1. How much length is gained on full extension from Arg164 to Ala110, taking 0.36 nm per residue of separation minus their Cα-Cα distance?
2. In the chain, what is the count of Lys pairs whose alpha carbons are under 28 Å apart, counting only pairs at least 8 residues apart or on separate chains?
3. Would you please classify the overall shape of segment 18-105 from the alpha carbon gyration tensor, given that a ≥ b ≥ c denote the square roots of the eigenvalues, rounded means a/c under 1.5, and beyond that prolate means a/b larger than b/c while oblate covers the rest?
4. What shape does segment 139-195 have by the C-alpha gyration tensor, where a ≥ b ≥ c are the square roots of the eigenvalues, rounded means a/c under 1.5, and otherwise prolate means a/b greater than b/c and oblate the rest?
5. Mind checking segment 135-204 for trypsin sites (Lys or Arg not before Pro) that DSSP puts in a loop (not H, G, I, E or B) and that have at most 13 other Cβ atoms within 10 Å?
6. Please check: in the Gaussian network model of the chain (C-alpha springs, under 10 Å), which one of Val117, Val14, Val211 has the largest mean-square fluctuation.
7. Counting other C-beta atoms within 10 Å, and keeping those with at most 14, which DSSP coil chymotrypsin sites (Phe, Trp or Tyr not before Pro) do you find in segment 65-128?
8. Let me check against my output: what whole-number percent is the relative contact order of the chain, with C-alpha pairs under 8 Å and at least 6 apart?
Amino acid sequence: MSPMRAAVFDTDGVLLDSAVLHAEAWKAAFDGCLDAWASHGARQRPFDADREYRELVDGKPRFDGALAFLKARGLELPWGTPDDRPGFDTVWAVAAYKEQLFTQTIRDRAVAPFPEVAPALNELRDKGIRCAAVSASRHARALLQAARLDGLFDTSVDGEDAARLALAGKPDPALFLEAAARLGTATGSTAVVEDATAGVEAGSRGRFGLVVGIDRSSDGHTADSLRARGADLVLGDLTLLPTALRGYMP
């Protein structure tokens with residue numbers, strides 16, 4: 001095992017208490033779609049903002065998340081184009097609807113960092129560990145800045161970068177690989193910290209030196225799923241991360 005010289009952090013659900021807002025926006029979008037399609041005789045159960053969000057949507061670009069949910073429900077829509085207006089007629093329209101709802105939400109509700117995040121990041125930086133923030137969301141940089149966390153990272157990669165550089169979404173490791181390249185560290189000496197199963201799978205596929213799963217659920221019900229998809233260890237939050245990495249530090 002190579003010593004860890006850097007750590008790459010997912011943003012939503014690891015650094016910021018924003019995953020619940022994404023889940024709420026997806027539920028409103030999907031349930032609205034399901035209600036609209038029910039008028040044509042295709043009634044289905046509502047979107048499960050816990051299980052289906054974690055298994056199908058969390059950590060993925062919005063088009064990929066919308067497509068995964070539709071496929072899981074046996075619903076076929078034309079892909080459409082990224083310019084589609086919010087609606088129910090194409091996959092891109094559904095994704096745009098979710099984006100519209102999420103954007104409205106963060107205009108009205110502040111997104112706070114988890115309380116242990118800043119102390120953990122400062123401890124890692126004091127130990128010489130370079131840090132990067134990664135997100136498939138185009139809002140990530142603005143949210144990190146609003147939470148006053150942006151100054152604790154050496155670099156970041158977000159949805160704007162993914163679109164500009166044509167980086168594939170998780171579970172493809174492209175976002176994490178780009179972050180490691182910007183940090184100037186080899187993947188074998190870089191840790192990935194993720195709360196989504198798609199994210200830990202991306203870290204495993206990218207052959208990162210250590211993949212840390214974060215399970216903030218009160219009963220730890222996602223820990224087994226995170227391990228099954230590639231997490232080397234699972235923590236309840238970032239409090240113990242500096243200690244957990246100590247054995248892998250130079």
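Here, each number is a calculation from the coordinates, and none is a lab measurement. On a predicted model such as this, the values are computed, not experimentally measured, just so you know. For neighbour counting, all protein chains shown are included, and Cβ atoms are generated from backbone atoms with ideal geometry for every residue, glycine included.
1. Answer, rounded to one decimal: 16.7 nm.
2. Total qualifying Lys-Lys pairs in the chain comes to 10.
3. rounded
4. In terms of gyration-tensor shape, oblate.
5. Taking segment 135-204 and a limit of 13 other Cβ atoms within 10 Å, the loop trypsin sites (Lys or Arg not before Pro) found are Arg148.
6. It is Val117.
7. Loop-located and lightly packed - Trp79.
8. So the answer I get is 25 percent.
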